[in-house]
Structure formats: structure tokens, C-alpha cells
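Notes to accompany the following structure.
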Amino acid sequence: MPVSADYRPDPRFARLGPEFADPVRPAAFPETVLRFRNGRWAERVGLGALDAAEWLGAFARFEPLPDNQPEPLAMRYHGHQFRAYNPNLGDGRGFLYAQLRDGRNRLLDLATKGSGQTPWSRSGDGRLTLKGGVREVLATSMLEALGVPTSKSFSLIETGEALHRGDEPSPTRSAVLTRLGHSHIRFGTFQRLAYLDRADLISVLLDHVVEAYFPELDGEPDRPAAVLEAVVGRTAELAASWMVAGFVHGVLNTDNMNVTGESFDYGPWRFLPRSDPDFTAAYFDQYGLYSYGRQPEAAFWNLQQLAACLTLVTDQAPLIAALNTFLDRYQEALRRAAIRRLGVKPRTPEADVELVNAAFAALSAGGEALGWEPLFFDWFGGPASEARALAGPRGALYRGEAFAAFRSRIAEAEPERPERLAHPAFARPEPETLLIGEVEALWAPIAEADDWAPLNAKLARIEETRAAYALAPE
């Protein structure tokens with residue numbers, strides 16, 4: 001297999017042993033049609049030189065990558081689902097396929113969704129609908145463009161099976177998705193070990209987490225508390241990035257949050273059509289537990305469950321102290337994320353808070369007339385975009401009294417990397433968005449005529465948005 005010098009295999013998870021995962025065999029699919037290949041990230045992890053047949057061998061048949069895991073591993077975990085504990089979880093339609101390093105020396109996982117049944121499938125078929133795969137490709141692409149720490153959709157292959165589902169027209173088409181992510185060690189991975197009263201294995205897992213993801217904590221005298229504090233910080237950053245992106249994950253269960261603070265596993269996600277703290281993504285979230293405005297609360301509740309697991313291996317006091325840093329860290333992360341999204345330089349904390357508060361107040365005042373994404377697009381770069389914003393489709397809205405405080409605050413800011421405004425994306429009158437109606441409109445031609453051109457055009461525009469904003473490090 002023609003890997004490049006950038007391919008650096010590092011299969012560490014398997015070393016944890018049989019208590020953490022089960023070897024499984026991937027499903028044999030009747031068809032394999034490549035629908036999406038993440039060329040940019042394939043190059044970055046040394047797999048860009050694979051030809052079409054080799055790509056299908058890797059990401060449809062899951063033949064082992066060179067010097068990597070010899071067989072797929074279905075990971076074991078438990079979790080709270082809508083705050084009800086479920087000990088019958090685990091990778092039921094996916095597995096860890098391989099691990100490798102990127103150019104920043106981060107350990108990354110190649111893991112699947114829809115790759116067949118495992119010991120944890122229960123009554124499920126282990127498959128993924130093609131529409132579900134398309135939705136995840138769209139979500140991860142847009143979130144990356146908006147600077148949210150997220151898994152990357154790496155490959156989507158249609159698999160030729162007719163699936164029956166209760167929440168969409170059936171039979172429907174099937175797919176297998178491979179995601180590239182920075183850890184699949186979930187909060188629920190620790191919960192399973194605590195449920196089994198295996199303090200010894202919690203210590204083993206903590207050692208692995210430090211070695212693989214937080215090597216700077218190696219000398220800490222209280223390793224469990226140090227890891228929790230690091231995870232609190234990463235989770236605060238993640239929650240803040242969702243809020244600034246106007247994103248609603250939809251299912252913030254403890255098995256859907258990982259120790260490296262990266263968003264992953266997208267089901268009923270939504271982007272906000274307008275500022276609305278009560279907006280929910282999942283039709284079954286009848287009480288708004290995971291609504292937009294309650295996402296920081298959900299993240300903190302999940303951190304509390306992780307901390308409870310660690311009481312088996314350290315005292316409560318340092319764990320409580322680590323948890324008590326969440327609010328301040330979240331507020332600081334929110335301030336920094338919003339300033340980045342506005343494309344201006346940070347100033348004093350007080351000045352930044354005033355600007356961020358004014359921006360959120362403007363989003364609320366604008367309602368349906370403004371939406372969410374246009375404010376950040378129109379005013380990106382602060383005063384450097386004032387003329388563009390006031391001459392644009394929402395110029396009259398911005399001149400209104402409700403936006404006076406925001407205009408005053410943004411005028412005091414200084415553009416950060418103003419050269420970004422030369423990107424052609426900023427010459428357009430409207431930003432790229434990804435509301436649910438757009439997703440359905442992209443799926444319709446695929447379902448009706450196998451027409452992928454609108455989806456591919458959308459992904460190209462999202463990629464242009466990512467390059468224009470340049471919010472996340474390469």
C-alpha cells in the first residue's frame with residue numbers, strides 16, 4: 001500500500017488488552033461505491049496516495065493498514081443516555097480501525113460507523129443509512145470551517161443494502177463511514193470500569209490517557225485529578241465553540257463525549273436558524289435537556305459523572321476542585337471563541353466581554369431577520385468590514401437602534417489578520433449556512449436521481465468558508 005512519509009502508525013489502544021475491546025470482523029458489503037473522500041486530511045496523515053481500489057480495500061473491507069492494528073476492535077463502554085444509566089452500550093455498529101499521528105504529533109483514530117454487527121449491537125443491524133452518513137459529512141465539514149474541535153469525516157462508501165428505519169422513509173440506502181478523530185476514549189469508557197468496580201483498570205486507562213493525550217501530566221502526583229482538570233478545560237473549550245457556532249449537538253450523552261474535548265458522533269444535530277436558547281435538535285428531546293442554551297450545563301453534568309468514576313482512585317476534594325474550574329474556563333473560552341469568530345484581536349478581558357455580550361444581544365435582537373451566521377460573516381474583521389456590512393443585505397437592520405451598542409463596540413476593535421478579507425468568499429452577499437432545510441434539499445436529488453452534484457458543490461463552498469475564516473490551526 002503506497003503510504004507516504006507522513007504516514008506514522010501508532011496503534012496504542014490495543015495494548016490495553018482484552019478488558020477494553022473485542023476483536024470483530026467487518027461486514028461483507030454487496031457493493032462498495034465511494035461517495036466521499038477527505039483528500040486534505042488523507043494527505044495530512046499519509047494516506048493521500050491510495051488509489052481507488054486501495055481506498056476501498058482500506059475503508060470498505062478494512063484490510064489492515066501497514067504496521068497498524070491487525071484487526072478491528074469494538075470498544076467497550078457504558079453511559080448515561082438522557083441521564084438514565086445504560087450498561088448495555090459499546091461499539092454496536094462501529095470499531096476502531098487504526099491509529100496514527102498527524103503533523104502536530106497528535107494521536108488520531110480511524111474509527112467506523114455502519115461497519116457491521118459487534119457483540120454490542122444488541123438487536124441492531126450494525127448498519128448506517130446513507131443519509132445519516134451524508135449528514136455527518138456535512139456536519140463535520142461545517143464545524144471544522146467554524147473552528148469547532150470536531151472529528152473529521154474521512155470516507156463515506158455506499159454499501160448496497162436496503163435498510164429499514166422507523167424515523168425515515170424505508171427501505172433506504174446504506175453506507176459505511178470512517179471518521180478521523182482525536183480519541184474515542186469516552187466518559188462512558190471510565191463509567192463502565194467504575195460500574196464493574198475495577199479501580200485497577202481505571203488506573204490503567206488513566207495511564208494510557210496521559211501517555212497518549214496528556215504527556216505533560218506525566219509527573220503529576222495526583223494523576224486522576226490532573227487528568228480531570230485537563231478534561232474539564234477541553235470540555236469547556238468544546239462547549240464554548242458549539243455556542244459560538246450556533247450549533248446544537250442533540251445527544252450529549254456521556255458516551256458521546258471524549259477526554260480530548262472533540263465533538264463527534266452526529267445524529268439529530270442542527271444549526272440555529274436564529275438566536276433561541278430553547279432550540280432543540282432531537283425530536284425525542286421533549287424536555288429540552290440538550291437544547292442550545294443548556295449545552296454547557298449538559299457538558300458539566302457529564303464531567304461530574306466522569307469525576308464520580310475517579311473517586312475510586314483518588315480523594316474527592318481535588319476532583320471537586322477541578323470541577324469547580326469549569327464555569328470560569330467556559331466563560332473564558334466563550335470570550336476567546338467569539339472574538340476569533342468576529343475576526344478581531346483580543347484586547348482586555350473587560351473590553352472583550354463587552355463586545356461579546358453586545359454581539360449576543362445583537363443576535364437576539366435580530367431574530368429571524370438576522371439569523372445566526374450572517375452577523376459573524378458580515379462583521380468579520382470588525383471595523384475592516386463595516387462598510388461591507390452596512391452596504392450588504394442587512395445594512396438597514398444594522399443601522400437600527402438595536403445594533404447601536406454592537407456597532408459601537410466592534411468599531412473599537414482591531415482586525416486580526418485582515419488579509420483574510422481578500423478571500424473571494426467575503427465578496428458574496430451571503431454566508432455559507434447549513435440549516436436543516438438545506439440538508440434536506442441536498443439529500444433530495446441523491447434520493448431521487450442519484451445526483452451528487454449539489455452536495456459536492458456545497459462541500460466545496462464549505463471548504464472555501466474554512467479557508468476564508470482560517471479559524472482552526474492546520
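Points worth noting:
- Filter result (among the aromatic types (Phe, Trp, Tyr) and assigned to a strand (DSSP E or B)) within the range 230-253: Phe247
- Check on Ser141, of a type in the set (S, T, N, Q), touching a residue at least 40 places away in the same chain (Cβ under 8 Å), buried (at least 21 other Cβ atoms within 10 Å of the Cβ) and in a loop (DSSP other than H, G, I, E, B): no
- Residue match in the range 453-460 (condition: in contact (Cβ under 8 Å) with a residue 24 or more places away in the chain, closer than 26 Å to Arg104 by Cα and either touching a helix residue (DSSP H, G or I) at 6+ places or on another chain (Cβ under 7 Å) or outside the structural domain of Lys152 (by TED's automatic domain parsing) (or both)): yes
- In the range 50-106, of all residues being outside any strand (DSSP E or B) and polar (S, T, N, Q), the one that is surrounded by the most Cβ atoms within 10 Å (Cβ to Cβ) corresponds to Gln69.
- Test: Ala468 is under 28 Å from Thr150 (Cα atoms), surrounded by fewer than 18 Cβ atoms within 10 Å (Cβ to Cβ) and of a type in the set (Gly, Ala, Ser): no
- Residue match in the range 268-287 (condition: among the hydrophobic types (A, V, I, L, M, F, W, C), crowded, with 21+ Cβ neighbours inside 10 Å, outside the structural domain of Arg329 (by TED's automatic domain parsing) and in contact (Cβ under 8 Å) with a residue 60 or more places away in the chain): no
- Selection within the range 420-458 - within 16 Å of Phe377 (Cβ to Cβ) and outside any helix (DSSP H, G or I): His423, Arg428, Pro429, Glu430, Pro431, Glu432, Thr433, Leu434, Leu435
- In the range 8-21, the residues that are more than 17 Å from His182 (Cβ to Cβ) and either under 23 Å from the mean Cα position of the chain (by Cα) or not aromatic (Phe, Trp, Tyr) (or both): Ala14, Arg15, Leu16, Gly17, Pro18, Glu19, Ala21
The values are calculated or read from the model by the stated rules, or taken from the named source; none is laboratory data. Quantities reported herein were computed from a predicted structural model and do not represent experimental measurements. Here Cβ is always computed from backbone atoms with ideal geometry, including for glycine, and neighbour counts include all displayed protein chains.
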